[in-house]
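First comes the structure, then the notes that go with it.
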Amino acid sequence: MERREPRAVPDPLAIVTGYQQAVDRFLAQTIGANFAAIIGHEARLLDALAFPGKFPLGQTVATPGALSAMEQAQHIPPEFLLLHKHGQWGELDPDDIRENERSLREGSRLFSAYHTRLGEKVWCITEWDRSATTLLLPEEY
C-alpha cells in the first residue's frame, strides 16, 4: 500500500489574498481566464476550511445584512471564516486581540472584525462552546 505524505496546513492569509487578487483581476477585466482563476481560488478557500484551525467554527451562519454586504462587495463567507478560524482577527485593537487569545485558552467567545472592499464592517463571532460562528453587521448585533 502506498504511503501518502500528510498535506501541509495551508497559509490562510495567502489563500484569501490569492482569492481577492483573482476577484480584483476579474472585476478589472471580465474575461474567461480571470473567471476560471476565481473558481480555482474559491476551491482552495473551501479546501482550506476543512483543515483544523485554532478552534472549530461549529455551524456557520450569516445574517441577511452580512450576506448582502458581502455580495455587493464581491466577497464570499469563506474569506472571512478562514481568517477567523486561524486567529487572524482583522481590525481589532490590542485589548480585543488579547481577549481573543485568552478566550482561546479559556473557552470564551471569539470575535473578529473585517471590512469589505466597499468599506462595510463585517463581524465574525464564534460562541463560547464553539457550536456556531455567525457573520453579521455591527448593527445586527
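The values are calculated or read from the model by the stated rules, or taken from the named source; none is laboratory data. If you're wondering where the values come from, they're calculated on a predicted model, not measured in any experiment. For neighbour counting, all protein chains shown are included, and Cβ atoms are generated from backbone atoms with ideal geometry for every residue, glycine included.
Leu81 meets all of the listed conditions (1) assigned to a helix (DSSP H, G or I); (2) over 17 Å from Thr116 (Cβ atoms) but one, namely (2).
Scanning segment 68-78 for residues that are in a helix (DSSP H, G or I) and out of contact with any strand residue (DSSP E or B) (no Cβ under 8 Å at 6 or more places or on another chain), we see that the one that is nearest to Glu42 (Cα to Cα) is Pro78.
Tell me whether segment 45-53 contains one or more residues that are in contact with a strand residue (DSSP E or B) (Cβ under 7 Å, 6 or more places away or on another chain), loosely packed, with under 15 Cβ neighbours inside 10 Å and either within 14 Å of Cys124 (Cβ to Cβ) or of a type outside the set (A, V, I, L, M, F, W, C) (or both).
Taking every residue of segment 45-53 in turn, none turns out to be in contact with a strand residue (DSSP E or B) (Cβ under 7 Å, 6 or more places away or on another chain), loosely packed, with under 15 Cβ neighbours inside 10 Å and either within 14 Å of Cys124 (Cβ to Cβ) or of a type outside the set (A, V, I, L, M, F, W, C) (or both).
Condition (residue is modelled with pLDDT under 80, assigned to a loop (DSSP other than H, G, I, E, B) and polar (S, T, N, Q)) applied to segment 16-29: is it met by at least one residue? Yes, some residue in segment 16-29 is modelled with pLDDT under 80, assigned to a loop (DSSP other than H, G, I, E, B) and polar (S, T, N, Q). Hey, any hits in segment 91-111 for a residue that's surrounded by 14 or more Cβ atoms within 10 Å (Cβ to Cβ) and closer than 16 Å to Thr17 by Cα? Checking segment 91-111: not a single residue is surrounded by 14 or more Cβ atoms within 10 Å (Cβ to Cβ) and closer than 16 Å to Thr17 by Cα.
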